[in-house]
Amino acid sequence: MKFKLIIDKEKDEEVVATVHGRTALIDEIEALISKHTDRIPAYTQDDIKMLSVSEIECVTVLDGKTYAIDSKNYRYRLKQRLYELEVQLPASFIRINKSTLANESALDRFTVTVAGSVDAVFKCGYREYVSRRCFAQIKRRFEVK
């Protein structure tokens, strides 16, 4: 199988695969490409904005509604549920608790609170607690091998 990548900012993005037949690998590639989007519709009180995934620092559920918090610490309402977004967003989004997905590139640091719990601090200044189970998974993910 040959692979060819052409980067041209003037053309629309497309993926074309010429194959002899459908295989599990082709199904996986198709699912990956169809799931991945680089923009998500986000709602404010007045309008709708196509929010770039790279702008999102975290996605969280507040009062039963899903919100995306961007790099300016502004909250946008999202129509999708958290489990739908977990499948749709790239692998750089990690679960830090039952109701929050964090963009690992937007994480500034982890801090320990007086009560002994751990908070994730994002570059925009937003703080969210990290559950013990998720923190153990995050530590394993970042361990040097």
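With springs only between Cα atoms under 10 Å apart, run a GNM on the chain and tell me which of Thr44, Thr66, Thr100 wobbles the most.
Checking each option, the largest mean-square fluctuation is seen for Thr44.
In terms of Cα to Cα distance under 20 Å, which lysines are near enough to Lys98, apart from those fewer than 8 places away along the same chain?
Lys65, Lys79, Lys139
Compute a Gaussian network model of the chain, connecting alpha carbons closer than 10 Å, and tell me which residue from Glu28, Glu128, Glu104 fluctuates the most.
Among Glu28, Glu128, Glu104, the largest mean-square fluctuation in the Gaussian network model of the chain belongs to Glu28.
Please name which of Phe110, Tyr67, Thr44 has its Cα lying farthest along the dipole of the chain towards the positive end, using unit charges on Cβ (Lys, Arg +1; Asp, Glu -1) and the Cα centre as origin.
Among Phe110, Tyr67, Thr44, the one farthest towards the positive end of the dipole of the chain is Phe110.
Please rank Phe110, Phe122, Phe142, fewest neighbouring Cβ atoms within 10 Å first, as an exposure proxy.
Working: Phe110 14, Phe122 19, Phe142 9.
By the 10 Å Cβ count, ascending, the order reads Phe142, Phe110, Phe122.
By how many degrees, between 0 and 90 and to the nearest 10, does the Cα long axis of helix 132-142 differ from the longest principal axis of the chain?
The angle comes out at about 50 degrees.
Out of residues 5 or more away from Ser71 or on other chains, whose amide H comes under 5 Å of its own, with H placed 1.01 Å from N in the peptide plane?
Amide H neighbours of Ser71: Glu57.
Among 51-64, 72-85, how do they line up by average Cβ neighbours within 10 Å per residue, starting with the highest?
Numbers: 51-64: 16.7, 72-85: 14.3.
Order by mean packing, descending: 51-64, 72-85.
What angle, in degrees between 0 and 90 and rounded to the nearest 10, separates the Cα long axis of helix 24-35 from the longest principal axis of the Cα atoms of the chain?
Compared with the principal axis, the helix lies near 60 degrees.
Taken together, the values in this text are just the output of simple stated rules run on the coordinates, not laboratory data. The structure presented is a predicted model; accordingly, all values stated were derived computationally and were not measured. All Cβ positions, glycine included, derive from the backbone under ideal geometry; neighbour counts span all protein chains shown.
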